[in-house]
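Worksheet for the structure shown next.
Just so it is clear, none of the values below were taken in a lab; they were calculated from the coordinates. Bear in mind that the values here come from a model prediction, so they are computed numbers and not experimental data. FYI the Cβ positions are ideal-geometry reconstructions off the backbone, even for glycines, and counts take in every protein chain you see.
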Amino acid sequence: MARSYWLDLFTGTTWKEFLAAGGEVSGFRERRWKTVQQMEPGDYLLCYLTGISRWIGVLEVMSDPFKGSAPIWKDEQFPCRVRVRSVATLIPETAVPVFELSDELSVFRDLKNPTHGPATFEAPQPAGSRPTAKPSWPRSLTPRTTQSTVPWMRPSSPAVPGRSRRQSDR
């Protein structure tokens, strides 16, 4: 059977916690159980680091899906799990910026097509053997709060100057 490719999202914090726990088990939220049950040994998880929009690694699924509660992550349990091994692991500074590759990756050509795994998988492989450091912002690696330091991005700011949020949302 052909290998399937799955998206595995991490924040800077959950990526560090995953690696600190040995990088052998990846987990997903409870509501993703039906999707996780479709994963099979040999499938690849394409690891995407939110906040800085970079591909940070590729993991190979090594087990059937299972539910677990062993502590790996501090703030959430992510109970739907699979055992994994690292195929390519990068650091935030050498992770592949997704938007810089928009002209090269097929995933950007037809977003309605869900079979973009092979093209996306090609991006992290060369980066693992010849990494190029690009600045990342430490603040982008931490979970976002609801309060922005930019006044016009704060939830309490009016969407349209001179109008309240309720008026502009109608």
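Straightening the chain between Thr13 and Met62 buys 15.3 nm, computed as 0.36 nm per residue apart minus the Cα-Cα spacing. The distance linking the range 14-40 with the range 52-82 is 2 Å (Cα centroid to Cα centroid, whole angstrom).
Database remark: amide H of Val87 closer than 5 angstrom to the amide H of Val58, Leu59, Glu60 (H placed geometrically; neighbours at sequence offset of 5 or more, or on other chains; Pro and chain starts carry no H). Taking packing as the residue-averaged number of other Cβ atoms within 10 angstrom, the listed peptides 9-21, 39-51 run from highest to lowest as 39-51, 9-21.
Modelled spin labels at Ser69 and Met1, positioned 7 Å past Cα toward Cβ, are 3.0 nm from each other. Residue order for Arg32, Arg83, fewest other beta carbons within 10 angstrom first, comes to Arg32, Arg83. Ordered by the count of other Cβ atoms within 10 Å of each Cβ, fewest first, Ile72, Ile91 give Ile91, Ile72. Take the Cβ atoms of Glu24 and Glu104, set R0 to 30 Å, and the FRET efficiency comes out at 0.45.
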